[in-house]
Every structure is written in structure tokens, then in C-alpha cells.
Amino acid sequence: MRRWNFTLCFSLACAIFIVTFYLAITDDGGGSSGILYRVAAPILLLGGVGNLNDSNLNGISCYDDEVSNTVEEITSSATPPAKDKSIFFHETSCASSVRGGIVLTARQACAVESAAKMNPDSEVYLLFTSPINLGNATVKNKIVSQLLSYSNIRIRHLNFEKYFVGSPLEEWYKGGALKASKWPRSHASDALRFLTLWKYGGTYLDLDVVVTKTFSGLSNFAGAESNTDVAAGVLNFESDGLGHEMAEACIENLRKEFRGNDWGNNGPGVITRVLKKICKTRHVKDMTPERCRGFAVLPPSAFYPIPWRQWKNYFDESSSAKTMARIANSMAIHVWNKFSVNMNVTVGSRQPYGLIAQQFCPKVYSHCGSVF
């Protein structure tokens, strides 16, 4: 009887540990997922191993590491990003902080490739807040190599503290609000997207966005997610004029209204509140360029053709034709990683997400193995 009780208790303890660990590693940190392990895709490493320390997975302690990184810094690069012509992604997890190497999922890599492929005249920057020590790399990952085969992709490190120096968010960051947040990685991504566009102008994209058309000729835009909300997964601000004013307004709103216990308040909440003020309307459907001083709030069909409540459509082979028809005229698609991260895509299937990847990130898709 005692042995049976011990076995039962031990089994329950193991189950609790597994569930807790699963929840920890599947906290996707917002649009920049930063997932270390998931069912749908393996870790992609350029040498080294992922950090399994829970605090590093969910926290941002690696941002304070001043010595481990060997990747070129974005702020000290001899060739800084071209104003208004660059596309930016932020990877804000600490997954690359142990033993060096680039940690990236196939789906994240797909987002980067699609942006580079569909915008060959733009420089595409993948910025890691985690230090990356390539000195310990022993195995060159084939998917990272595929990304680097594009002449317009740049992988850089972003020293978080230095990046905020001299900006309107410097004192906010020093005050510790971000580190005290319930979702520090996600909220780091929120702050960085507005700060990066304040610094350089250009386009910001979440790492769960696949670009399907060029952004050439477009500027100063965001996309409506619904009739009530503007999303922050795709943003473009010019580096001067209205664009820079928008970036400053978003930063000021974030600084004043930041809430660490509210996941969406500091990203989509910021851009929605700012546009309501600039456009002088509380209704997203009325946010026309005429009312918004030239800023364009594109309809959901532009970037969010499949609403988040219908995210499974991207994985449903039986309705593939219908889903592909819905996204045919979109400029990009947001696959809602927060919900879809554990849903498999079988390479070679007719699942819509797989068909999209095959067309718009073909190099990554063809090198990711049997599951994308």
C-alpha cells in the first residue's frame, strides 16, 4: 500500500512538473514568439544549446549580459539601417544566451525569408536581444544558412540598455517597469517596435507574419485587426514628418500608460489609442487617410485576413481552397502564433500554412524536415 501511494504521489509530481514546464516554454512572448521547444518545429541552432533555465526562458535576465555576445551590434554597425527602407524583426527571448548560437524556429525563419524575398530592395534586420556567442558554434544550421543566402538579410544583436540611451524611453526602462512585467518578453517587443521605428523609420513585422506581397511604394500604415482594434504586428512609420510624429506619440503613450499585467495594452493598445486621437474618432472603420492626416489604416484583409478566433483555418487541409482564396489579395498574413504554436504543419501537405510557406519562404520550408 505504501509503495502504491509512493508511486501515485511520484506520478502526480511528475505530471505537475511537466505541465508547469510546458506552460513556461510555451509563453510565446507576443508576436515575437521566442519559443524554445514546440511540437510544430524543432529548435534551429547555429551551434550551442538552448537555455532551459526557466527564468531565462520567461524573463529577460540575458539583456543585462554585456560580455557574451559576438554578433555585430545594431547600434555600432559601420553601416546602420537605411532610413525608411528597412524591415525589422525582434527576437526578444533569452533562448540564445547559453553556449552561443542562433536559436530560431522554422516559422520565425519563414517570416524573415518572406520579407526578404518579397522586398528585395529592402534590408531585412533580425535583431536579437539575447547575446549570441558564435565562438562556441560547432554545427552550422542549414536553415540559418538559407536565410543568410539572401543578400538583404542582416542578423544583429541589440544591446537593450544601450538601445534605450538618449531615447524618450530611457528613464522608463531604467525605472524597472519592464522587468516587473508579467510578460517581459512580449512587452519588450512592444517597446522595441516603436523605438526602432522612432530611430530608423521603416517597417516592423512580428515573427509570425508571412509577407506575400511587396511593401514598395507604401508608407505610414498599420492594419486593422477588426472593427474595433488596430493591430501592431505590421507597422510602418517614416523617419520624419507624420511617421516620426506617430512613433513619438506611440512611445509617449507606452511610457504613460504601460501596464505590465495586461498583455495587449502596450502593443495594439498603444497604436489604437494613438490613432483614435490623431484621427479624432473612436471607430476604426472611420480611420481613413483623410481623417488620419495621411496615415493609412488598412482593412483586416491586408494583414489579418483570418481573424484570431479562426486561426485553425491555416492548418485545416479540408478547407484549404477556401482559406487560400481568402488570403489571395493580402499583403501579409498573421498566423497567430500565440494560439497556433503547437499545431503541426506536415511538409508536403495541403494545409494552407504549408502552401503559403512553400511559396513565400521556399528555402526554409524545403530545409525544415518533415514538420514545419
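No lab work stands behind these numbers, since they all come straight from the coordinates. What you are looking at is a predicted structure, and each value in this text was computed from that prediction instead of being measured. No Cβ is skipped: glycine too gets one built from the backbone with ideal geometry, and neighbour counts run over all protein chains shown.
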Next item on the list: Take the alpha carbon atoms of the stretch 173-233, find their center, do the same for the stretch 76-120, and report the distance between the two centers in whole angstrom.
Entry: 14
Next item on the list: Would you mind classifying the stretch 131-270 by shape? Square roots of the alpha carbon gyration tensor eigenvalues, ordered a ≥ b ≥ c; an a/c under 1.5 is rounded, otherwise it is prolate if a/b is larger than b/c and oblate if not.
Entry: oblate
Item checked: Highest-first arrangement of 294-303, 111-120, where packing means the average Cβ count within 10 Å -> 111-120, 294-303
Notebook entry, point to check: Where does each of 356-369, 307-320 land if you order them by average Cβ count within 10 Å, highest first?
Noted result: 356-369, 307-320
Check: Which shape class applies to the stretch 209-260: rounded if a/c is under 1.5, otherwise prolate when a/b exceeds b/c and oblate if not, where a ≥ b ≥ c are the square roots of the Cα gyration tensor eigenvalues?
Finding: oblate
Next item on the list: Would you please give the residues with an amide H less than 5 Å from that of V230, counting only those at least 5 places away or on a separate chain, with H modeled from the backbone geometry?
Entry: E225, T272
Item checked: Dipole axis of the stretch 103-259 (+1 Lys, Arg; -1 Asp, Glu on Cβ), positive-most option in W198, A180, S122 -> A180
Next item on the list: List the residues whose amide H sits under 5 Å from the amide H of T75, counting only those 5 or more places along or on another chain, with H placed 1.01 Å from N in the peptide plane.
Entry: N159
Next item on the list: Any lysines with Cα under 24 Å of the K276 Cα? List them, leaving off those in the same chain fewer than 8 positions away.
Entry: K199, K256, K285
Margin query: Give the aspartates and glutamates reachable from K213 as a straight Cα distance under 14 Å; neighbours fewer than 8 places away on the same chain don't count.
Written below: E113, D121
Item checked: Distant-in-sequence amide H partners of F128 (H built 1.01 Å from N, under 5 Å) -> E91, R156, H157, L158
Next item on the list: Determine ³J(HN,Hα), in whole Hz, for all residues of the stretch 313-318 in sequence, where each value follows from phi through the Karplus function 6.51 cos²θ - 1.76 cosθ + 1.60 and θ = phi - 60°; x replaces Gly and Pro.
Entry: 4, 5, 10, 8, 5, 5
Margin query: Only sites in a loop by DSSP and with at most 15 other Cβ atoms within 10 Å count here; which trypsin sites (Lys or Arg not before Pro) in the stretch 207-286 make the cut?
Written below: K213, R259, K280, R282
Note to self: Compute the distance from the alpha-carbon center of the stretch 255-299 to that of the stretch 300-335, in whole Å.
What the structure shows: 24
